[in-house]
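To start, the structure under review is shown below, and the notes come after it.
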Amino acid sequence: MARYLTPIRLGILILTEQYLCGQFASSGQLGVLSFIASHITARAGPTGKDGQDAFVGLDAHAVEILGPLSKCASDVPGRTAYDALLQRLWKLDGLDAVYELFERLGQVIAPGSDPEEMQKKMGTRVPDAMRRKLQSWIHEQRDAGVQSLQHFLAFFEHWRSGQYTMALESLHRYFDYSLIGKGTSGGTDNMRIYYQYALLHLSVLHADFDCWEESVDAMDECIATARENQDSACLNFALSWLLYLRQAKPDNRVSAFGSVSGLLGGVAGEQDEISFLKAKARETKHWSLLSSTLLEEAKLDMYTTGSTTKSVELIMQSAFVNVQHNLRTLMPATSLFEGAAFDRLAQSQLAARAHDTIQIVYGDQAPLSDRTRSLCRTAYGIAQSGRCSAGLDMLRAYLPCVNGVLKLEQRVTGFMNLLQLMGSLRNERLDAAAYYHSQLLPLRSLGDPELDFELDLLEIDLYVRRRDLDTAMKAVNTHIRQNEGHSPADIANRLHFLVLKSTIFALSGQATKGFSIALRAASTAARLRLLPTLLEAITALAIILNDLSEFDAARRLLDAALPMMIETRHCRLTARSFVTIGEAHVGLAGTTCAPDSSERIQQIRAAEIHVERGRELYARLDDTSGVLDCLVMKAQLARWRGDEQLAARADAQFAQKLRDRHEAAE
């Protein structure tokens, strides 16, 4: 291959950088990759006798070469990959820009070419030198059973590197050699005890593929084999994993060993199963099993009973076991649970610190999946606080770290689309929001409950902003029924949908129907200490009380809850609360104060202060609809006080905001 920088090579490099930065829609990524692959020939030797470049098509016209990219969608609605490439080429206006391109590509590609860096990124179990020594030792053994360990080692290498097909093939080969060892005599007879471990890892691999039925089948066989071989350690691990599978996918068919305690002759019940596993872990001093079981118990309590305080206690017990017995691989998972628990207690700062701990303290020692989940959660929290572009940049910078691991790459891409959908809704770009919504729908098949819940909320918000309240109500009712039919289902999600239902009733002029629903949700959330849901329910109650002309009750309710709202990162909820308090003051001015009295003027000024605070928060969120509503209220209040200058200034800001929205839409 010639060593010259030709235009087509430069174009391919730019296209590669754009792909790594996630600038193409998920539906167009395959087409872009196919285009790159079709223009690169992997020739081992030099160029041909005519000196033809390894990048084919140099003699063709540029438009003909780049034509297929016009059929691939970019991440910007209405634009293709060809448009994105053309726009990027126009920015390449000098040697400095070319140098910066190579510098950026070096930061992305160079670490991937270093084996040690790749091991740290993808979670390879051992360094190359150690792996070569192990493979050499295994290869020297003549025993067929011992030789099968090389396939077991290869399984871990491929699995942790994201090569699922190769991992499955290596595990099947391990199966074959284990069966050969089982049928022979001598030392190979001991190899049969490893057969159940292959089944255990096969179940985990199937679960990583989201093949839940195959995972349960493999785990059933693993439990039966472990009991036959009287391997209590493997049996305890298998029972713990089966408990996780039943919680992760409750809709699946019932396993032959659907109840762990029933399998062991006890009374059926998940709490009994957890108690049994904890007792066995302490009895055998299996501390990793004890720590993971404590986390499963915390998750079960958090989802079913909603007992956040009990869940925090269990998470702290797991963290203590991790530190006491140096269980480094479980420490990041415990931090993830801590962040989720603090979020439910409205302690957003503590939740953010728990997620940052995984990135800063554990770093490359943490599993890539845990790092990815924590970063996605952090980016989404940043977007909720009003910095949507900062969260999106964080995800884009992290995307190259998960290239090659399909499941994690899909999760990061999914959260990127979530943030873009959120930004489009705030800017009232409903066509763009519908586009990003359509990009997110295929990700429901991943079975990620966190991603699905956030998508459900934004989907309902899209219907509400379109004023399609009937569709929004149908969607809410569907989600409520689904949560009631699933076990275990997160009770916090169900309460949140009940709050949304009451809000939609209020928007449709049926406030009395929504009052009892919001009150019931607030009562349950307060009892379970689900503080974010409680704050949402209180805001919905205040809006309904204003509609029912109970202005003083609405004001007092929000005055009590507002300090806690300000401490959270839910900027939109706080903005809505400020505006609702302002509306309550307006209602009090019109119903309890005499005309031209000082009390009425005080109420109007208080309303102006709260509406302005709400406008500032909506502006931080770049929520166009919220800002416009606040400006209309400011103008009306100013005219009510006789301040025509302030009213004119608010009208001018309103007109400017409308022009900005119109220009952005074009």
- Task: Starting from the Cα-Cα distance between ALA224 and GLN349, subtract it from 0.36 nm times their residue separation and give me the gain in nm to one decimal.
- Result: 40.4 nm
- Task: Just grab the label-to-label distance for ARG481 and LYS285, each label 7 Å out from Cα along the Cβ direction, in nm (one decimal).
- Result: 5.5
- For the range 387-466, with +1 on Lys and Arg beta carbons and -1 on Asp and Glu, the positive-most of PRO400, ILE460, GLN439 along the dipole: PRO400
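Could you pull out the pairs from LYS91/LYS407; LYS71/LYS407; LYS278/LYS310 whose alpha carbons sit more than 22 Å apart here? Provide the component values of the computation, followed by the final result.
Values: LYS91/LYS407 33 Å; LYS71/LYS407 26 Å; LYS278/LYS310 16 Å.
With Cα atoms farther than 22 Å apart: LYS91/LYS407; LYS71/LYS407.
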- Message: From the phi angles alone, apply the Karplus equation (6.51, -1.76, 1.60; θ = phi - 60°) to the range 18-28 and give each ³J(HN,Hα) in whole Hz, x where the residue is Gly or Pro.
- Response: 5, 5, 5, 8, x, 8, 10, 5, 4, 6, x
- Task: Please list, in chain and number order, the residues 5+ apart from PHE24 or on another chain whose amide H is under 5 Å from its amide H, with Hs placed from the backbone.
- Result: ASP75
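Taking the Cα centre of the range 553-666 as the origin, how large is its charge dipole in debye, to the nearest 20, when only Lys and Arg (+1) and Asp and Glu (-1) carry charge on their Cβ atoms? Before the final figure, lay out each step's value.
Working: 17 positive and 17 negative charges, 43 e Å.
It comes to approximately 200 debye.
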- Task: Please give, to one decimal in nm, the separation of the simple spin-label points placed at ALA560 and ARG659, each 7 Å out from Cα toward the Cβ.
- Result: 4.7
- Using 1/(1 + (r/R0)^6) with R0 = 30 angstrom and r between the beta carbons of THR591 and GLU567, what's the FRET efficiency to the nearest 0.05? 0.40
- Task: In debye, nearest 20, what is the charge dipole magnitude of the range 469-624 about its Cα centre with +1 on Lys and Arg Cβ and -1 on Asp and Glu Cβ, if you could check?
- Result: 520
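When TYR174, TYR303, TYR99 are ordered from fewest to most other Cβ atoms inside 10 Å of their Cβ, what list results? List each step's numbers first, then the result.
Values: TYR174 24, TYR303 19, TYR99 10.
Listing TYR174, TYR303, TYR99 from fewest to most nearby Cβ atoms yields TYR99, TYR303, TYR174.
Suppose R0 equals 51 Å; then what is the FRET efficiency for SER275 and GLN510 from their Cβ-Cβ distance, rounded to the nearest 0.05? Numbers along the way, then the final one.
Values: r = 47 Å, r/R0 = 0.92.
My answer for the efficiency is 0.60.
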- Query: Ranked by Cβ crowding within 10 angstrom, fewest neighbours first, how are SER203, SER275 ordered?
  - Reply: SER275, SER203
- Query: For the range 266-408, with the dipole built from +1 on Lys and Arg beta-carbon atoms and -1 on Asp and Glu ones, taken about the Cα centre, which of TRP287, ALA390, ALA379 lies farthest toward the positive end?
  - Reply: ALA390
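When the dipole is taken about the Cα centre of the range 387-466, and only Lys, Arg (+1) and Asp, Glu (-1) are charged at their Cβ, what size is it in debye, to the nearest 20? Intermediate values should be presented prior to the final figure.
On the way: 9 positive and 11 negative charges, 41 e Å.
My answer is approximately 200 debye.
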- Query: Amide H neighbours of ASP643 under 5 Å, counting only residues 5+ apart in sequence or on other chains, H built in-plane at 1.01 Å?
  - Reply: none
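Count charges around ALA638 for me, please; just the other residues with Cβ under 14 Å from its Cβ, Lys/Arg as +1, Asp/Glu as -1.
Numbers: positive: ARG605, ARG615, LYS634, ARG639, ARG641, ARG649; negative: GLU608, GLU612, ASP643, GLU644, ASP651.
Residues near ALA638 contribute +1 overall.
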- Message: Can you give the FRET efficiency to the nearest 0.05 for HIS325 and ALA526, using r as the Cβ-Cβ distance and R₀ = 35 Å?
- Response: 0.40
- Can you list the HN-Hα couplings for the range 535-550, worked out from phi with the Karplus curve (6.51, -1.76, 1.60; θ = phi - 60°), rounded to whole Hz and with x for Gly and Pro? 5, 4, 5, 5, 5, 5, 4, 5, 4, 5, 5, 4, 5, 8, 6, 9
- Residue order, fewest to most beta carbons within 10 Å, for LYS299, LYS657: LYS657, LYS299
- Scan around THR80 for amide H atoms under 5 Å from its own, H built in the peptide plane at 1.01 Å from N, and keep only partners 5 or more places away or cross-chain. SER74
- Provide the per-residue ³J(HN,Hα) series for the range 515-528, in order, calculated from phi with Karplus coefficients 6.51, -1.76, 1.60 and θ = phi - 60°, each as a whole number of Hz, with x at glycine and proline positions. 5, 5, 5, 5, 5, 5, 5, 5, 4, 5, 5, 5, 5, 8
- Taking the alpha-carbon centroid of each part, what is the distance from the range 347-417 to the range 468-510 in angstrom? 28
- Message: Could you compute Rg(Cα) / (2.2 N^0.38 Å) for the range 553-666, with N its residue count?
- Response: 1.12
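Values quoted throughout were computed directly from the atomic coordinates according to the rules given, and no laboratory measurement underlies them. Just so it is clear, the structure is predicted and the values come from calculations on it, not from any experiment. All Cβ positions, even for glycine, are placed from backbone atoms using ideal geometry, and neighbour counts span all protein chains on display.
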